[in-house]
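To keep things clear, I will list the structure first and then write my remarks on it.
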Amino acid sequence: MTAVLPAKHERPTGGRLIDQFEYGLDAPICLTWELTYACNLACVHCLSSSGRRDPRELSTAEAERVIDELQRMQVFYVNVGGGEPTVRPDFWHLLDYAIGHDVGVKFSTNGVKLDKARAAQLAATDYVDVQISLGGATAEVNDRVRGAGSFATATRALENLADAGMKDFKVSVVVTRENVSQLDDFKALTDRYGAQLRITRFRPSGRGADVWDQLHPTQTQQRELYAWLLANGEKVLTGDSFFHLSALGESLPGLNLCGAGRVVCLIDPVGDVYACPFAIHENFLAGNVRDEGGFQRVWRSSELFADLRSPQTGGACTKCAHFDACRGGCMAAKFFTGLPLDGPDPECVQGYGETALAARDLEVVTPRSHIDHSHTGPVRGQPTLLGIPSIPSKICDESPLAGVELR
Amino acid sequence: MTAPAAPQAAAPFDPALPWQKSRSVALRPEPFGALVYHFGNRKLSFLKSKLLVGVVTALAEHPSVDATLVACGVPEAQRPAYVKALADLARSQMITPRESA
């Protein structure tokens, strides 16, 4: 018997760029490279569950080989993160090595290593972009999620960069329920340092899954955010991460499409290649840069990426009038909330996400990544969002209601 | 790597004059055309057809944009669209005026 194969979608000739991007590119446009899982902080919503260094981390020589390959593939810049990338002792060497090989670097940092000398060094280097992460426009809001003292560290780094005459550095904010009301304050703070504001969407990835219910913006806040973006979109960067909001009406500027495995991917600290920085899970693991053929072979030939490079033709969303605007939203957000990948985004602004979440099987176990480098012991200045850990109730407690949550 | 170009205003686009791909620009071939990256101003753009890639590459060999379009065999009906695409590329300094014809 001959199996009937589904018709393979052929890439169209001409037409809109977004339709081309659905079929993937020969090399990523937006490549994120997390250099280390080590981090001095323990942010409650860390997308990569970072904290402790992985002993299998790529060596300096291996990292240089990745850069050589990116140069050959004409990946013109990489977004470097972690963990906290600057705690890698060879970070500054790798930065220079990349720039010397036509691979520009945008790196995200909590600012811990950006003293006056480093700030001056960065200001004197072309082709490097720095973004300092903040979780709140005030120490109070920031430190609850990023840890005590982290606001002071970040603003000191911003001050050092501004004093050194650094141009075009960024303040990077993940928008949450607690800071969405501070967008104007973030803008003012950023302007004060002569920097640029970058805001991105909070996803239930890594430790973000643990606090997503508590921290993701409400539907009302989503609409406020959308209005703010329409009014201020020209002046802020978004990494095109809010495209799910485009279903509210006017499209937001940028690429309104999930780029996972198509134009975006992640190289993690041990060289594993995932479809996107928010998808550190074995289901989205395409290969490793240490494998034969290196990164290029993973990008061009992995089965997973081939699967991701076709337009979505089925599922509930394709029947929605707004499908062309949001394209079903964020793959990682659906996956880590236990929703089907061809259905609505959990934050679908038309409300289908909430319906889908409510309709989940009560028994559903949301997928968890087995990759977790979180600190196991106490961390200095631990975030307070989750409160002080309670003493677990024991079976021998006298109360017959021990362990039962009373509301 | 080439030194980033000093920030400067883009020259007004005149298709009767000689142009060329900026020296700070790299073309990365893609199935639909090419990705264009300017190392100086870090702008990213896309050439949406292979014919347009051919035109941008050939600019340096012809005395004007108009002559390049003819030489590359761009159908007459499509030439206004190509001139518009090239004007956009000039605005982001992906292509720059050439001194001698």
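Structure notes:
- Matching option when the condition is closer than 21 Å to A:TRP33 by Cα and of a type outside the set (Ser, Thr, Tyr), among A:PHE335, A:PHE305, A:PHE323: A:PHE305
- Residues of the stretch B:36-54 satisfying the condition of being under 12 Å from the mean Cα position of the chain (by Cα) and facing chain A (nearest Cβ under 7 Å): B:TYR37, B:PHE46
- Scoring A:VAL365 on the criteria (1) in contact with a helix residue (DSSP H, G or I) (Cβ under 7 Å, 6 or more places away or on another chain); (2) farther than 23 Å from A:ALA247 by Cβ leaves a single failure, condition (1).
- Residue-level analysis places A:GLU250 among those that are at pLDDT below 90, surrounded by fewer than 19 Cβ atoms within 10 Å (Cβ to Cβ), among the charged types (D, E, K, R) and assigned to a loop (DSSP other than H, G, I, E, B).
- Qualifying residues in the stretch A:99-138 (those that are within 14 Å of another protein chain (Cβ to nearest Cβ), in a loop (DSSP other than H, G, I, E, B) and not aliphatic (A, V, I, L, M)) - the one nearest to the chain's Cα centre (by Cα): A:TYR127
- Qualifying position, being closer than 29 Å to A:PRO378 by Cα and in contact (Cβ under 8 Å) with a residue 60 or more places away in the chain, among A:SER50, A:SER59: A:SER50
- Sub-9 Å Cβ pairs linking a first residue in the stretch A:302-322 that is among the small types (Gly, Ala, Ser) to a second residue that is surrounded by fewer than 12 Cβ atoms within 10 Å (Cβ to Cβ), at least 6 apart or interchain, are A:SER310/A:LYS8, ordered by first then second residue.
- Where helices (runs of 4 or more DSSP H) sit wholly within the stretch A:151-234, those with at least 1 residues that are of a type outside the set (Phe, Trp, Tyr) and closer than 25 Å to A:ASP129 by Cα occupy A:183-192, A:219-232.
- Tally of residues being surrounded by fewer than 20 Cβ atoms within 10 Å (Cβ to Cβ) and either within 22 Å of the chain's Cα centre (by Cα) or small (Gly, Ala, Ser) (or both) across the stretch A:58-78: 2
- Test: residue in the stretch A:379-390 that is over 28 Å from the mean Cα position of the chain (by Cα) and modelled with pLDDT under 75: yes
- Flag if A:ARG88 is within 14 Å of chain B (Cβ to nearest Cβ) and among the basic types (Lys, Arg): no
- Restricting the stretch A:345-365 to residues that are modelled with pLDDT of 90 or more and among the β-branched types (Val, Ile, Thr), the residue that is farthest from the chain's Cα centre (by Cα) is A:THR355.
- The stretch A:119-142, subset within 23 Å of A:VAL236 (Cβ to Cβ) and of a type in the set (Asp, Glu), residue surrounded by the most Cβ atoms within 10 Å (Cβ to Cβ): A:ASP129
- Residue among A:LEU25, A:LEU70 that alone is within 13 Å of another protein chain (Cβ to nearest Cβ) and assigned to a helix (DSSP H, G or I): A:LEU70
Each row is one residue, and each column tells you yes or no for (1) free of Cβ contacts under 8 Å to residues at least 12 places away in the same chain; (2) under 22 Å from A:PRO204 (Cα atoms); (3) of a type in the set (D, E, K, R).
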site: A:ALA117; (1), (2), (3): yes, no, no
site: A:LEU122; (1), (2), (3): no, no, no
site: A:ASP129; (1), (2), (3): no, no, yes
site: A:THR153; (1), (2), (3): no, no, no
site: A:ASP163; (1), (2), (3): no, no, yes
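- Odd one out for A:ASP96 among (1) more than 14 Å from chain B (Cβ to nearest Cβ); (2) not in a loop (DSSP other than H, G, I, E, B): (1)
The values are calculated or read from the model by the stated rules, or taken from the named source; none is laboratory data. Please read all numbers here as calculations on a predicted model, not as lab measurements. When we count neighbours, we look across all protein chains shown, and the Cβ atoms used for this are built from the backbone with ideal geometry, even at glycine.
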